[in-house]
Structures are given as C-alpha cells and as structure tokens.
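Colleague: Handing you a structure now.
Quick note: the coordinates plus some simple rules give every number you see, no bench work behind them. Note that the structure is predicted; figures quoted are calculated from it, not measured. Don't worry about glycine lacking a Cβ; one is built from the backbone with ideal geometry, like all the others, and counts go over all protein chains shown.
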Amino acid sequence: MREIKFRAWNRKENCWANLNQLSDWGSAEITACIGMGNKEYPYQTFRIESDDIYEIMQFTGLKDKNGKEIYEGDIVIVSDYIEKVGLKTDVIFHNGMFMLRAANSLEFYRNNIRVIGNIYENKELLS
C-alpha cells in the first residue's frame, strides 16, 4: 500500500505551504484512507483553508529514477526509453489514476523519468 501524502501551493503568496500549519484552519477537508483494514485509524483528514488560495497535490506513491517522490503537478523528463527520449511533460490525475499528460502511463515510465520541476515554479520547462 502506498503512503498518502499531499503538498500545497499557495497561489496568493506563490510559495509552498506547510500542510501541518494548514491542518487547523478553515472548513474544507481532504480525507484519505491510510490504513486499509485498520479499524482504529482508517482515515487521515487534512483541513485546508476554503478560500481557494491553495492548490493541493497528492503524492503518486512512486519515485523517479533518482529516488525523488513524484507528485501531481511535477514536470518530468523521460530519459531512457527509446520512443520517448527527451519528452518533457507534467504529472496529472485523470480517470482515477496518475499519469503523464503526454505519454499516459506513469507506472510504465517510472524507472525512466526524472523530476525536473513543477508547474508552479517552472512553467517554462513545458514550453
């Protein structure tokens, strides 16, 4: 089972937010199952300020070829797969799964991709 983690981009301040600081604010909630079969603590709830300041991204459960965690919104480059060498794309959540926008399967390429940035701090990498 994969670890459930989130990160948050503060649109107003253009910086990463600390989810620990956000946990006691606002009324919007993200609830994720963290312990399948664990009856005592089956869910973890993150409370996020509800004024649309934060963009919440989830950890995919995968790491790139250098061991860096891959999140929604990360920009990756496919480096060692013959058909897609040098492809730069972002990681999205679509139809119930994490995927590469330009190549679909994140799982298939995961050993051949490297996180090079994210869509908030490094938009220019996708142009």
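Colleague: Fewest to most neighbouring Cβ within 10 Å: what's the order for ILE77, ILE116?
Modeller: So the residues, fewest neighbours to most, are ILE116, ILE77.
Colleague: I would also like to ask the following. When a footprinting reagent is the concern and you count Cβ atoms within 10 Å, what order do TYR71, TYR54 take, fewest first?
Modeller: TYR71, TYR54
Colleague: Exposure proxy check: GLU72, GLU107, GLU13 ranked by fewest other beta carbons within 10 Å?
Modeller: GLU13, GLU107, GLU72
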